[in-house]
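Data block below; observations after.
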Amino acid sequence: MTRSSRHVSTFVDRPAEAVYTIAADPQRLPEWAAGLAGADVVRDGDQWATDSPMGRVRFAFVPRNDLGVLDHTVTLPSGEAVLNPMRVVPVDDATCEVLFSVRQRDGMSADDLERDAEAVARDLATLKEIAERG
């Protein structure tokens, strides 16, 4: 299968550290990730778990760091683990860019990939709105 990725990003008029703090908090995901809206995020061993439209998902972020890396692995109800590369990159002292790589998985059509990228773009727009409100 030919693999493809879509790199989705948005600029946020807030310092990178402030945006990273919001995005790195698993319990705040339902505020900006539409697929988890209204869901409870709970600890599940060394991961986090929540209900999604696909069913129960588990996820784990890389350890907190000073580089803005928010890579996280999502384990789908099928047991498939999906690595999602994500970064908060400073532009200057007051602005940052949030980047998310959407990767095509086995069995995923080009249209499915585009729909996922559009959903991520909406989620990042919501994150931007929340962060800019302070």
Can you give the longest stretch of the chain with no exposed loop site, where a site means trypsin sites (Lys or Arg not before Pro) in a DSSP loop (not H, G, I, E or B) with at most 13 other C-beta atoms within 10 Å? 65-134
Output the 0 to 90 degree angle, nearest 10, between the alpha-carbon long axis of helix 110-133 and the longest principal axis computed from the alpha carbons of the chain. 30 degrees
Cut-off is 10 Å between beta-carbons; in what order do V98, V91, V57 appear when sorted fewest neighbours first? V91, V57, V98
Fewest-first sequence of D44, D93, D116 by Cβ atoms within 10 Å of each Cβ: D93, D44, D116
How large is Rg over Rh for the chain, taking Rg from the Cα atoms and Rh as the Kirkwood inverse mean of 1/r across Cα pairs? 0.95
Net charge dipole size for region 67-134 [Lys, Arg +1 and Asp, Glu -1 on Cβ; Debye, nearest 20]: 140 debye
HN-Hα couplings for region 32-43 via Karplus (6.51, -1.76, 1.60; θ = phi - 60°), in whole Hz with x for Gly/Pro, come out as 10, 9, 4, x, 10, 3, x, 7, 8, 9, 10, 5
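Is there a quick way to get the dipole size of the chain? I mean about its Cα centre, with the Cβ of Lys and Arg at +1 and of Asp and Glu at -1; what is the value in debye to the nearest 20? Working shown, then result.
Values: 15 positive and 23 negative charges, 48 e Å.
Rounded to the nearest 20 debye, it is 220 debye.
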Based only on other Cβ atoms within 10 Å, what is the fewest-to-most ordering of L76, L127, L83? L83, L76, L127
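Every read-out reported here was derived from the displayed coordinates using simple, explicitly stated rules and does not represent laboratory data. From a predicted model like this one, the values you see are computed outputs, not experimental measurements. FYI the Cβ positions are ideal-geometry reconstructions off the backbone, even for glycines, and counts take in every protein chain you see.
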